[in-house]
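A short write-up of the structure that comes next.
Rule-based calculations on the coordinates, nothing more; no lab input. Quick caveat, the model's predicted, so the values are computed rather than measured. No Cβ is skipped: glycine too gets one built from the backbone with ideal geometry, and neighbour counts run over all protein chains shown.
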Amino acid sequence: MASGVLSKNPLPNVLLQLLERELSGTLVLETRQGEKSAVLLARGVPVKARTSEPVIYLGRLLVERGLITPEAEADALARVAKERCLLGQVLVERGVLRREQLTQALEEQVSRKLVWLAGLPDSSLYGFYEGVDYLQRFGGEVTPVAPLAAIWAGVRRFGPDSQVEAALERLGARTLRLHPDAAIKHFGLSPDEQAVLDVLRARPQPWESLIATGLLPPEQVRRLIYMLFISRHLDVGGRPIVPAEVAPSSRRGEHRPLPRRPRSEPSAPSVGPPRAPMGSFPGVDVVAEELEQRFREVDQQNYYEILGVDPEASSAQIQGAFFQLAKRFHPDKLPAAELELRKRASKVFARISEAHQVLSDDERRAEYGRLIKEGGASPAEQEKVQAVLRAAQHFQKAEILFKKREMVQAAQLARRAMEDDPEQVDYGAFHAWVSSHLPERQGSGQFDDLIATLDRAVEKEPENQRCRWYRGQLYKRVGDTRRALRDFRWLVDQNPNHVDALREVRLADMRRQTRTSTGRTHTGAGRRTSQPGKGASQAPAKAGSDDLGQIWGKLFRRGKDK
């Protein structure tokens with residue numbers, strides 16, 4: 001179905017493309033020396049892999065993880081060689097290994113093979129065969145892996161750095177932030193990697209600023225940003241790529257790729273590990289109480305208050321305070337089962353790291369001192385500033401897209417602008433106006449809710465000409481000429497140079513004069529025609545024709561004078 005060379009389409013990109021399209025089949029990879037490997041996928045999720053070189057044998061992996069002894073491995077391998085059966089099957093039948101332990105080991109084995117494949121030469125070729133299972137006779141049951149975690153593990157180790165640099169060059173110095181629908185839990189990040197993303201979530205910033213935090217080696221930060229970029233978990237356009245749910249088979253022989261799930265069918269909810277009682281871990285209660293208080297206060301504090309140091313503190317004092325707090329509140333110091341507590345710790349630690357980063361740099365510390373004097377130094381206040389800036393950017397882009405008639409994208413950006421800065425009346429009004437141009441709105445002709453939005457906007461800012469113009473146009477669309485004309489006349493009174501409103505008023509006046517000159521008027525009960533006298537049946541038409549010619553002449557002269 002698709003083929004190419006990894007130098008032009010690296011393996012992480014290939015796997016993400018298959019994952020996004022939820023394709024089932026076999027991905028075959030071949031080096032220039034003719035060494036072949038293959039990955040079986042079900043709805044884009046890798047479920048089995050065979051490499052040209054042994055990466056990790058299942059028995060070695062089980063011994064390495066302490067699940068079986070070397071003696072149990074040797075004994076089981078002897079039976080495998082004699083009866084040509086599967087090692088995992090033998091170990092489970094003998095009661096040496098539980099079924100869930102085997103599944104976890106097989107998942108890790110597939111993941112390690114995918115990481116190894118990420119290191120193939122970029123001159124290697126690939127081909128994807130949709131609906132074909134070339135690994136049907138290889139190994140045992142299919143074992144779905146966490147695809148984003150496996151792809152990230154390969155990127156973390158091997159890059160490809162040429163593609164990483166190209167992606168970072170495209171991002172440039174733009175302020176990065178995570179996509180609102182980012183599913184970071186699927187990446188299997190280390191605590192330090194998670195800390196970097198916590199900093200990014202807390203304060204959107206360019207990728208070079210993330211390197212400056214020192215939370216990760218620069219190369220690893222670059223690769224992490226690249227992974228988020230190609231999987232669209234950064235808010236740079238498009239929806240994030242996330243895996244579909246795939247159920248493992250329970251019997252040998254069920255190797256064929258699972259059928260594609262219809263996109264309208266909801267995925268099964270993922271269930272995390274059970275949360276252990278708080279009191280089951282020594283010292284957690286004490287840390288939790290202090291952490292809760294810091295979590296509530298940290299967004300309202302400035303960086304000196306977060307670190308607990310005086311504004312005149314020396315660099316050594318700032319450094320010492322940071323290390324003491326990091327030891328106490330680093331998420332990695334808490335038990336893995338304390339999920340909610342670790343989330344709070346991640347946010348607190350991100351603020352602590354951010355404070356240390358700024359106050360350890362003399363130039364940035366001086367700039368921060370000016371922010372404190374201006375009253376905008378807390379993370380919450382800075383986030384408000386960033387939200388206002390984001391809203392302005394979204395609004396500008398939405399206006400450009402609207403002019404290009406790209407209504408769906410314009411409406412999305414207008415909504416983001418409105419959500420980031422709800423106090424800005426223009427953003428909500430523009431979102432209502434753009435929404436009225438969407439195909440589903442045009443087809444239904446229902447604009448009452450949008451008019452209600454504009455009514456509230458006008459009530460909030462009665463002098464806002466943009467809101468009045470949009471509302472007048474929507475009144476006109478629903479046939480409420482009286483209210484539409486009221487808004488248009490108001491605009492002309494406020495701004496005689498409002499060309500569009502002036503045109504609407506002139507057209508309305510022209511229609512009114514035309515009806516009057518022809519002897520016809522509108523009433524609430526319908527249309528009434530004047531009663532002509534004897535021999536006067538053609539007179540009104542002639543007079544109306546002359547008057548209409550005079551009106552058009554006046555309009556033409558006015559346009560010519562302009």
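Listing for the model above:
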{"read-out": "Percentage of interatomic Cα-Cα distances in the stretch 2-146 larger than 17 Å", "value": "62"}
{"read-out": "Extended-chain gain in nm, criterion 0.36 nm per residue less alpha-carbon gap, GLU53 and ALA81", "value": "8.1 nm"}
{"read-out": "FRET efficiency, 1/(1 + (r/R0)^6) with R0 22 Å, evaluated for GLN465 and ALA508 via beta carbons", "value": "0.75"}
{"read-out": "Contour excess over end-to-end distance, with Cα ends at PHE323 and ARG170 and 0.36 nm allotted per residue", "value": "51.5 nm"}
{"read-out": "Assigned charges on the beta-carbon of Lys, Arg, Asp, Glu; the stretch 286-377 dipole about Cα centre (debye)", "value": "260"}
{"read-out": "Point-to-point label distance, ARG364-GLU35, nm (Cα→Cβ direction, 7 Å offset)", "value": "4.3"}
{"read-out": "Out-of-range pairs (alpha-carbon distance over 28 Å; input LYS48/LYS185; LYS113/LYS185; LYS48/LYS343; LYS327/LYS373; LYS8/LYS397; LYS185/LYS327)", "value": "LYS48/LYS343; LYS327/LYS373; LYS8/LYS397"}
{"read-out": "Cα-centred dipole magnitude for the stretch 2-146, charges only on beta-carbon of K, R (+1) and D, E (-1), debye, nearest 20", "value": "140"}
{"read-out": "Distance-filtered residues of the stretch 204-241 - backbone nitrogen under 17 Å, label point 7 angstrom along LEU438 Cα→Cβ", "value": "238-239"}
{"read-out": "Distance in nm between pseudo-label sites at LYS8 and GLN494 (7 Å out along the Cβ direction from Cα)", "value": "5.7"}
{"read-out": "FRET efficiency, 1/(1 + (r/R0)^6) with R0 30 Å, evaluated for LYS343 and VAL388 via beta carbons", "value": "0.65"}
{"read-out": "Karplus 3J(HN,Hα) series, Hz, for the stretch 32-41 with 6.51 cos²θ - 1.76 cosθ + 1.60 (x for Gly, Pro)", "value": "5, 8, x, 7, 10, 9, 8, 10, 8, 10"}
